[in-house]
1. Cα extents of region 43-178 along the three principal axes, largest first, in whole Å?
2. Against the 2.2 N^0.38 Å scaling, with N counting residues, where does region 504-649 land? I'd like the Cα-based Rg ratio to two decimal places.
3. If you look at just the Cα atoms of region 118-235, how large are its Rg and its Dmax in Å?
4. Report the extension gain between residue 330 and residue 432 in nm, rounded to one decimal, defined as 0.36 nm multiplied by the number of residues separating them, less their alpha carbon distance.
5. Of all beta bridges DSSP finds with both residues in the chain, what is the antiparallel percent, to the nearest 5?
6. To one decimal place, what orientation-averaged projected area in nm² is obtained for the convex hull of the Cα set of region 466-548?
7. So, how do all the Cα-to-Cα distances of the chain break down into 20 Å bins, in percent, from 0 on up?
8. What is the distance in Å between the Cα centroid of region 123-176 and that of region 514-565?
């Protein structure tokens, strides 16, 4: 079976309207070509104030293995705000170092790549014609507020306005073109100049996006300037900003999806030069979205389509048994997801609850949670990059398919496959029956990277990340961190801090676990190890060196734990136990004693220390029976250890 082509996609904050439209185009065109898509998607705006959190999100780019993909599309506009290109520059450095595949960017150039631009000129021509022909505004009374002057998209939007004005015999001169930042502040800044009289009052302002239109309208309104009676204002993007503003904004649904389709075609010419390209979708003639900011009556369909995502529904109709149509913020809040996750008491309980909550991000074909192998026990934060190996802690499929795919559904910290991180997912080595999109989201707590999750969907389902996706992953991040904290607290209560062995409380819990697995044919084993000459080491070399001697002997005791039938314990000070339950040979006590002596001798040969460690050891073995008393086993082994020590004192002296 031939390998399906894979297109990598970098898109930051994918829930926003521009990025969502890019995904529409990439997904639809890749489906035509039978390409898979791997979307690396940090779920945060690049100027989020919590820099540790932001760095962990953007650390996702370190996960990209360019051997996995045939080409890369970069949604560069999602990686900048105002004139800050820091994130783009960092990505360019990474691509220069590692990427040998074709790179195509959309709307903002990337060094070393080819750029495809959204053709905004026809849209702004239509907006301008609407103001001229429907509202009869004189051409000389129309201002244009565009974005940064050095951006191609800013110039293109001005060109569309200029072309429409030229058709009416008017030239758009520089005194009527203003430059903003594609944010509310850009509109507010122009409004301030109009209010102060620095700039004469226009009859209409065509804004290059809805954010700037919102900032302009609201500041003018606050100053008593009536919209649209005194000034008509239009936007661009047909966003929720346009609809939910106190004066709904006339806007335009931009052909961003077409630009994304062109980007896929550009990629195809590079990776499949001998194959024909397919046309992109035609322009939609209904893209002008009317709001009252121009003086027209607001289009109800425009309002309804955008308000759907803003309504909080406390109740939903679940009678159809499927969840794909109810993925809004009310579902995630009313599910009490975070409360249910944080109520879990063990790592596997937490993972199971995450699995149960995956219905909130339906529909999907597969869901994977991949975590660092040491995500629970690692004490050092992972601030950059990913480890060489990852493990799958959750794999699930949609609920309606669970019966058909039961063998692949699990949630466990120790059951899942450990694999090379460079593979991203083992499933990627298998060609699926349909082309799909693999959304890769970072999993972390603040700056500490824990892993990533992957939502695999068929391209034909047109699934895109939403605000629900972002908040769902946030809840998972918080729950995993709480589980880690609980695990550490339990570890402190069950394990000896110096050696990492069980303490006495941990020993009792571990022994109870061994008893639960025991059968009538099993035996109980106990070994007591007591260090000799520790006081001499402390007196001559210091207590720090004495601690190191204890740790070396603990390692010897740990070496007696050859499988899960045994556990090692630091009983206190310089005394250690090894206990076990299983089907053992009669010579086990002698073998374990000899093994310990050999390990101590090897430590002394390899340590390079001016002294040798020494230990007395005693073991016992007796048949298992329900209700067996651990203290009786230890007492018997302890008595034999003292016999050993008595014999040893007759022949051994402390060696300096």
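1. That works out to 55, 34, 23 Å along the principal axes.
2. Here the Cα radius of gyration is 1.06 times the empirical estimate.
3. Computed over the Cα atoms of region 118-235, radius of gyration and Dmax are 12.9, 36 Å.
4. 33.3 nm
5. 65 percent
6. With every direction weighted equally, the projected area is 10.0 nm².
7. All Cα pairs considered, the percentages come to 16, 36, 26, 14, 7, 0.
8. Value for the Cα centre distance between the two parts: 82 Å.
Coordinate-derived values only; no laboratory data. What you see is a predicted model; the values in this text were computed from it and never measured. Virtual Cβ from ideal backbone geometry, glycine too; neighbours counted across all protein chains shown.
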